[in-house]
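None of the figures in this text is laboratory data; all of them are computed from the coordinates on show. These numbers were taken from a predicted model, which means no experiment stands behind them. So basically every Cβ, Gly included, is an ideal-geometry build from the backbone, and we count neighbours across all protein chains shown.
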Amino acid sequence: AELQRTYSAYVLPEVIPPWTVETVRAIQMVGLAIMVFIIWQMRTLFGIYRTGEILSARCATLILSCGRGLLILGVVSFFSNTIIVLLLTFVNETGPQTLVLTFSDGDFGFFLGGGLITVIGWVMGEAVRMADENRAFV
């Protein structure tokens, strides 16, 4: 019933087969797993900040991981919706099978935020290298 409500814009069968429901749930769990990874990276980063370590290679790597995670989440979100609608309409015996390519505001936000955070992580890594090089001269 939840899938029927969520994807009500498309012609779905009256009864969605259990294998389809489980496959849709598995696809949705991929996005959730990526979000958990990003949150874990942020938790680790803030733990390092709490110790007073701000400009370090570890921090730069964690920021870079968060940015890449957001970019991957945007890609997964884009393709997962397409695959889910295709799976749900694939079992239509009389109705149409639907291929949907949608780019939502959320996907756009993941790409913008992920790109920005990735660049910040890369720049921070360069700043760490430059600071280490300056310390070596002094």
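At a glance:
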{"read-out": "Amide proton proximity set for Val100, modelled H, under 5 Å, gap of 5+", "value": "Leu86"}
{"read-out": "Packing-based order for 54-65, 17-28, using average beta carbon neighbours within 10 Å, highest first", "value": "54-65, 17-28"}
{"read-out": "Gained length - Ala26 relative to Arg58, 0.36 nm times residue gap less alpha-carbon distance", "value": "8.3 nm"}
{"read-out": "Unit charges on C-beta of K, R, D, E only; dipole of the stretch 75-138, Debye", "value": "120 debye"}
{"read-out": "Average Cα contact separation per residue, the chain, under 8 Å, 6 or more apart, as relative contact order %", "value": "32 percent"}
{"read-out": "Total formal charge among the other residues, if their Cβ is under 15 angstrom from that of Leu64, Lys/Arg +1 and Asp/Glu -1", "value": "+2"}
{"read-out": "Most to least packed among 84-90, 67-73, 110-116, 125-131 [average Cβ atoms within 10 Å]", "value": "67-73, 84-90, 110-116, 125-131"}
{"read-out": "Size of charge dipole - the chain - debye, nearest 20, with Cβ of Lys, Arg +1 and Asp, Glu -1, no other charges", "value": "460 debye"}
{"read-out": "Calculated P(r) tail over 24 Å for the chain, as whole % of Cα pairs", "value": "48 percent"}
